[in-house]
Each structure stands twice: as structure tokens, then as C-alpha cells.
Amino acid sequence: QVQLVESRGGLVQAGGSLRLSCAASGRTFSSVLMGWFRQAPGKERECVAAINWSGRSTYYADSVKGRFTISRDNAKNTVALQMNSLKPEDTAVYYCAAGIRAWSIAIPDFRSWGQGTQVTVSS
């Protein structure tokens, strides 16, 4: 399995930017799809961005499209999420996750998860 460790989140003002990083170890060759999920109080966990092994295909939730960018560095076994133009509604715990299907962002297809990191956006 894959072990995932997210960098610390933080507190930022609306309109600001924050970059999250995820370091992967273990059987990283099985990480066909890497994704970032978030969960806010009272809401279900949702996938905000995902990237396949080659980095050629990406997915973004409509709520973050145009503001967030996911990237993957297989040589360093890292995945990053660049978050720009942050809004208060982006406040959530963010999780890095490793999936087993290249074209699926369904939660059951993600078998490894990071511990989560808090991102808070103030108005």
C-alpha cells in the first residue's frame, strides 16, 4: 500500500493562495490516480482535483475549476495542489488520496489516504 503525508494547511484571507503538498511512499507504482479531497463541516467528502499517472489527464470539481491546479512529480513521489483565489467556502479539511483506477474519482477506488490538513479561508 501507499503511505501519504500532507503538508500543513493554514489560515489565509479570501483571495489569497495556498499550496498543499503530498509525499507518497511505499508501493507508489500502484498509484494510478492521485486525488485531493476535502470535507467541510456538515458536508460529504468530495473530490476537488485528480491527476493520472502520466499527468496528461486531470479532473477538477466545478467549484474549484480555474482556481486550483493539481500536479504530480513521479520522480519525487509528490502531488501538489495549488489553490488560488481562495474563498471562504473552500474552508475544509483537505486529504490526499491514491486511487487504483485511472478514470474513476469514486471514493471506494481510493485505497490510501493522508491524515488530512486544515485549510481555513477568512472573509
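The values are calculated or read from the model by the stated rules, or taken from the named source; none is laboratory data. For clarity, every value in this text was computed on a predicted model and none was experimentally measured. Reconstructed Cβ throughout: ideal geometry from the backbone, glycine too, with neighbour counts over all protein chains shown. In case anyone asks, the SASA skips ligands and DNA or RNA and just uses the protein heavy atoms, side chains included. Shrake-Rupley method; radii C 1.70, N 1.55, O 1.52, S 1.80 Å.
Descriptive notes on the structure:
- Remark on the chain: 47 stand apart, with no other cysteine beta carbon under 4.7 Å.
- Candidates 100, 70, 51: whichever shows maximal mean-square fluctuation once the chain is modelled as a Gaussian network with Cα springs under 10 Å: 100
- The range 1-34: trypsin sites (Lys or Arg not before Pro) falling in loop per DSSP and having at most 10 other Cβ within 10 Å: 8
- Amide H to amide H distances under 5 Å link residue 49 with 36, 61, where only residues 5 or more positions off or on other chains count and H is placed in the peptide plane.
- With DNA, RNA and ligands ignored, accessible area of residue 60 (1.4 Å probe; Å², nearest 10): 50 Å²
- Rounded to the nearest whole Hz, the Karplus-based 3J(HN,Hα) values (6.51 cos²θ - 1.76 cosθ + 1.60, θ = phi - 60°) of the range 106-114 follow the sequence 5, 4, x, 7, 9, 9, 10, 9, x, with x at glycine and proline.
- Sequence-distant lysines (8 or more away, or on other chains) whose Cα lies within less than 27 Å of residue 76: 65
- Each residue of the range 69-78 was assigned a 3J(HN,Hα) from its phi angle through the Karplus curve 6.51 cos²θ - 1.76 cosθ + 1.60 (θ = phi - 60°); the sequence is 9, 9, 9, 9, 10, 5, 5, 9, 6, 10 Hz, with glycine and proline shown as x.
- Set of the range 73-88 residues, backbone N closer than 19 Å to the point 7 Å along the Cα-Cβ line of residue 118: 87-88
- Amide hydrogen neighbours beyond the local backbone of residue 91, cut-off 5 Å, H modeled: 121
- Database remark: amide H of residue 101 closer than 5 angstrom to the amide H of 33 (H placed geometrically; neighbours at sequence offset of 5 or more, or on other chains; Pro and chain starts carry no H).
- Rounded to the nearest 10 Å², the accessible area of residue 110 at probe 1.4 Å: 10 Å²
- Expressed as a whole percent, the accessible surface of the chain that belongs to carbon and sulfur atoms is 50, based on a 1.4 Å probe.
- Electrostatic bookkeeping for residue 43 treats Lys and Arg as +1 and Asp and Glu as -1; over the other residues with beta carbon under 13 Å from its beta carbon, the sum is -2.
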